Amino acid sequence: MFTELNSILSATPDSFRKGEFVLVSDRQSDASFLVHHFLSFYLRAGCKVCFLGLVQSFSHYSAVSQRLGVSLAQAKEKGQLIFLEGLKESLGVFLHEESKEESQVFSFLGDPAVGLRGLYEFVRNSLCSSGDADGVLEKWGPPVLLVDDLTVLLSLGMSTDAVLDFSHYCRATVCSKLQGNMVMLVRCEEEEDEDDEGSERLLKGLTHQCSLSFQVQGLPTGYCRDIHGQVEVCWRCRQGDSQQMQKKLFQYKVHDKGVSFFARGTSSAVL
């Protein structure tokens, strides 16, 4: 959890907006530090978290969270964290080693026409359940869905429309019905053909759905040792029949246990 970012968003684990869809995207940079932030933030807030880890293993996220002062193993044991290790589970499907539940979650791997209904049902069942690993009822805060990263589903043969439908149903359940929050990461290639099934179209579709977005990019001037990139934060909120939009641009540097944010051009590295 990054204190400077909490200050920018005017949020703390004790006080944050509910019903929010946060979209994180990156281009020529790595925005995974934001995923780690939101994971530790919502666990500290006492939320019930469903994490679809489609990129890295549980041990990877656990090691990073440990440096941020959060134990994923303990959160998982208590039933606060439901972690789907996509790499491991999808390999099991390909090798026909999956259980019945895993087969339903990743049924689209064998037949893309099936769609992502099984994955959505996994999310819904995980966040609507109120029991922990020992069957003891425990009251958690607002439910949260984290996905890292959504573009992996495109690589696994799903269409952009199917992924957009998945995000729409998740938002309707998590954000609207349960008044929880949702964080999704989308990675965009540096150069991509203008086709209908690419990450660019997915990003545009999700941008219309989200209420808060982070666009992480490399520096226009190229590599800098002391500045790792820039991030544009965009808030969207409705006022009556109109939608208001606020944008702020920051440069950032990732540290071992945190991230520094500063206005463009104000870092000591460029002064």
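Return the pairs, sorted by first residue and then second, in which the second residue is of a type in the set (Asp, Glu), the first residue lies in the range 207-222 and is under 13 Å from LEU249 (Cα atoms), the beta carbons are less than 6 Å apart, and the residues are 6+ apart or on different chains.
Filtered contacts from the range 207-222: GLN215/GLU232; VAL216/ASP26.
Of all residues in the range 30-60, which are under 17 Å from VAL152 (Cβ atoms) and of a type in the set (Phe, Trp, Tyr)?
Within the range 30-60, PHE51, PHE58 meet the criteria.
Quick check on my filter: what residues within the range 28-67 are under 17 Å from LEU185 (Cβ atoms), in contact (Cβ under 8 Å) with a residue 60 or more places away in the chain and outside any helix (DSSP H, G or I)?
GLN28, SER29, ASP30, ALA31, VAL49, CYS50, PHE51, LEU52, GLY53, LEU54, VAL55, GLN56
Does SER57 satisfy the condition of being under 30 Å from SER90 (Cα atoms) and touching a helix residue (DSSP H, G or I) at 6+ places or on another chain (Cβ under 9 Å)?
Considered against the rule, which asks whether it is under 30 Å from SER90 (Cα atoms) and touching a helix residue (DSSP H, G or I) at 6+ places or on another chain (Cβ under 9 Å), SER57 comes out as yes.
Taking LEU72 as meeting all but one of (1) modelled with pLDDT of 95 or more; (2) under 14 Å from the mean Cα position of the chain (by Cα), write down the number of the exception.
(2)
Return the only residue of LEU212, LEU219 being closer than 28 Å to ASP161 by Cβ and surrounded by 15 or more Cβ atoms within 10 Å (Cβ to Cβ).
Result of the check over LEU212, LEU219: LEU212.
In this structure, does SER126 turn out to be at pLDDT 90 or above and on the phi < 0 side of the Ramachandran plot?
yes
Looking only at the range 244-271, count every residue that is within 24 Å of the chain's Cα centre (by Cα) and either modelled with pLDDT under 80 or more than 25 Å from GLN209 (Cα to Cα) (or both) and tell me the total.
So the answer is 13.
What is the number of the single condition among (1) of a type in the set (Lys, Arg); (2) at pLDDT 85 or above; (3) within 20 Å of SER7 (Cα to Cα) that LYS204 does not meet?
Among (1) of a type in the set (Lys, Arg); (2) at pLDDT 85 or above; (3) within 20 Å of SER7 (Cα to Cα), LYS204 violates only (3).
Looking for whichever is modelled with pLDDT of 80 or more and among the small types (Gly, Ala, Ser) here; the options are GLY240, GLY222, GLY229. Which one fits?
GLY229
Of all the residues that make up the range 174-188, how many are in a helix (DSSP H, G or I) and either of a type in the set (Val, Ile, Thr) or in contact with a helix residue (DSSP H, G or I) (Cβ under 6 Å, 6 or more places away or on another chain) (or both)?
Final tally of qualifying residues: 1.
Determine whether the range 1-24 contains at least one residue that is in contact with a Gly (Cβ under 9 Å, 6 or more places away or on another chain), surrounded by fewer than 19 Cβ atoms within 10 Å (Cβ to Cβ) and either without any contact (Cβ under 8 Å) to a residue 24 or more places away in the chain or closer than 21 Å to PHE262 by Cβ (or both).
yes
The values are calculated or read from the model by the stated rules, or taken from the named source; none is laboratory data. What you are looking at is a predicted structure, and each value in this text was computed from that prediction instead of being measured. Reconstructed Cβ throughout: ideal geometry from the backbone, glycine too, with neighbour counts over all protein chains shown.
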